[in-house]
Amino acid sequence: MTKFSDLNLNPKVLKAVEDAGYETPTPIQAAAIPPALEGRDVLGIAQTGTGKTASFTLPMLSLLSRGRARARMPRSLVLCPTRELAAQVAENFDTYSKYLKLTKALLIGGVSFKEQDKLIDKGVDVLIATPGRLLDHFERGKLLLTGVQIMVVDEADRMLDMGFIPDIERIFSLTPFTRQTLFFSATMAPEIERITNTFLSAPERVEVARQATASETIEQGVVMLKASRRDREASEKRNLLRALIEREGDKCTNAIVFCNRKVDVDIVAKSLTKYGYDAAPIHGDLDQSQRTRTLDGFRAGDLRFLIASDVAARGLDVPAVSHVFNFDVPSHAEDYVHRIGRTGRAGRDGKALMICIPRDEKNLAAIEDLLQKAIPRVDNPLQSGTAPEAEAEAAPAPEKKAAKPRVSRRSKKSEEPKTDAPAAKAEETPKPQEAAEAPVAAPVAAQEAAPEPQQPAPKPERKERSSRRGGGGGSDRGRQDHGGGKVTGMGDHLPGFIALSFDERRTR
DNA sequence: AAAAAAC
């Protein structure tokens, strides 16, 4: 079996890889690194979690190890669709370049130009950027791309989804045509194929081998929810979410809760917080500093629940989470696979639970169609006869609190949450009489009225993770952090359909 | 239909 030491990497890069605890490359690394080191273009068809990041980071560093950058003329360029992804790639470069004297700059939006300008002026070997900010720098005349020898496009299919393709084409056209191009995409949409035909020259095509599908290590379930009244739907979804979390108990050490809309991310995060859960939101409308802080906290194990839009669905290198909750059914079936792929990583067990309301049944069917498998229906803990005991535990003395109107406390303006959460307000003033009438609502009211702060999950295990992070970051990692099980290289498990070849996928 | 990304 191939080892990193067989790949002809620069010795200093190899040393950093070994320091990080890696010996055996993943399939995509083994296949992409040799041609990349020879200076060839590479077209990588791979999903996050396959070790993709290292498959371009390691050869790039090796190739750049000699030479020096000139002012405003970066020698290489990595383009990523989201800021978090770019930051993550930057961390990877730091990890594997620690024995080299290479300079690096991260150009992403949401932060000041000043620092970025300073770095560019000094000259950088590696520039990691999101397209918008990169072009912004270029248009200010701060940046010349004519010195780019290696260009990487990461997650091209997502760039396509986000409308970045014109930007990518423009950036390509600003770099010398003699550059080496490493291009990665999870799928090969016709538009992507067109770009690669235009900008890559005789690329080595590297597809990840078929592997175990994510669904084999992820236990999936969907709860069907029909709201008692249409105007209560949102609130009842939140009740159900809490009940699902409670039912998982200690098994749920940390989780990502995905919502389709940014407003709902805010509302759900606020609602969970109000009920004593350790939760924080992340989506594109939040300050970059807050996004970074939240994500770092979650990675470090200081935050138990990350409430996220699809900004966090793909590519993010989050340590194994025990659970993914889909508060909404994603409307793109493929997003489901990406979302639940945040759990069950590196062969660990994971659980993915989703809430489906009648309106979402069509999307659910599309997901099952894609998976070619039905997602097991699971009981609604608030409706079935099995749940009440569990609930009583979770919500001590509900009778007392239910009777007590909590409106007065809320009437102080100063206590209003900053973000407007109209739907959340309905929750805060439960109406006992109505609750008694509706069969569904009775347990709901009990839950609502008892925002008993629950114990955060035991922390010791999660603390460990924070130390690992400093230790090397890995790539799209499959860290060998689980007990005895053997993991090869930095690999991870893949959803089956992603591992299919182009032709196979086309015919599906 | 929404999310992401530039000011």
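So, in Å, what gap is there between the alpha-carbon centers of the range A:29-88 and the range A:137-152?
16 Å
Using a 10 Å cut-off around each Cβ, can you sort A:Thr178, A:Thr294, A:Thr217, A:Thr48 from fewest to most neighbouring Cβ atoms?
A:Thr178, A:Thr217, A:Thr294, A:Thr48
Taking a threshold of 23 Å on the Cα-Cα distance, which of the pairs A:Lys15/A:Lys101; A:Lys274/A:Lys362; A:Lys52/A:Lys373; A:Lys114/A:Lys270; A:Lys52/A:Lys142; A:Lys237/A:Lys362 fall above it?
Where the Cα-Cα span goes over 23 Å, the pairs concerned are A:Lys274/A:Lys362; A:Lys52/A:Lys373; A:Lys114/A:Lys270; A:Lys52/A:Lys142.
Within 10 Å of each residue's Cβ, count the other Cβ atoms and sort A:Val89, A:Val321 from fewest upward. All intermediate terms of the calculation are to be shown ahead of the outcome.
On the way: A:Val89 28, A:Val321 23.
So the ranking, lowest neighbour count to highest, is A:Val321, A:Val89.
Pairs A:Lys12/A:Lys351; A:Lys98/A:Lys122; A:Lys226/A:Lys262; A:Lys98/A:Lys118; A:Lys3/A:Lys118: which exceed 28 Å Cα-Cα?
Beyond 28 Å between Cα atoms: A:Lys12/A:Lys351; A:Lys3/A:Lys118.
P(r) for the range A:121-190, please, calculated from all Cα pair distances in 5 Å bins and given in %.
3, 14, 28, 27, 17, 8, 2, 0
For the range A:4-207, calculate the relative contact order in percent as a whole number, restricting contacts to Cα pairs under 8 Å that are 6 or more residues apart.
Value for the range A:4-207: 29 percent.
For the range A:152-260, run through the trypsin sites (Lys or Arg not before Pro) and keep only the ones in DSSP coil with at most 13 other Cβ atoms within 10 Å of their Cβ.
Details: sites: A:Arg158, A:Arg170, A:Arg179, A:Arg194, A:Arg205, A:Arg210, A:Lys226, A:Arg229, A:Arg230, A:Arg232, A:Lys237, A:Arg238, A:Arg242, A:Arg247, A:Lys251; in loops: A:Arg179, A:Arg210, A:Lys226, A:Arg229.
When the trypsin sites (Lys or Arg not before Pro) of the range A:152-260 are filtered for loop state and at most 13 Cβ neighbours within 10 Å, A:Lys226, A:Arg229 remain.
For the range A:266-301 and the range A:188-208, compute the distance between their C-alpha centroids and round to whole Å.
37 Å
To make sure I understand, if each residue's beta carbon is the centre and we count other beta carbons within 10 Å, what order do A:Arg140, A:Arg293, A:Arg304 fall in, fewest to most?
A:Arg140, A:Arg293, A:Arg304
For Cα pairs less than 8 Å apart in space and 6+ apart in sequence, what is the mean separation divided by the residue count of the range A:1-110, i.e. the relative contact order in percent?
Over the range A:1-110, the number comes to 31 percent.
Just so you know, all these numbers are worked out from the coordinates, no wet-lab data involved. Quick caveat, the model's predicted, so the values are computed rather than measured. Neighbour counts run over all protein chains shown; Cβ positions are idealised from the backbone, glycine included.
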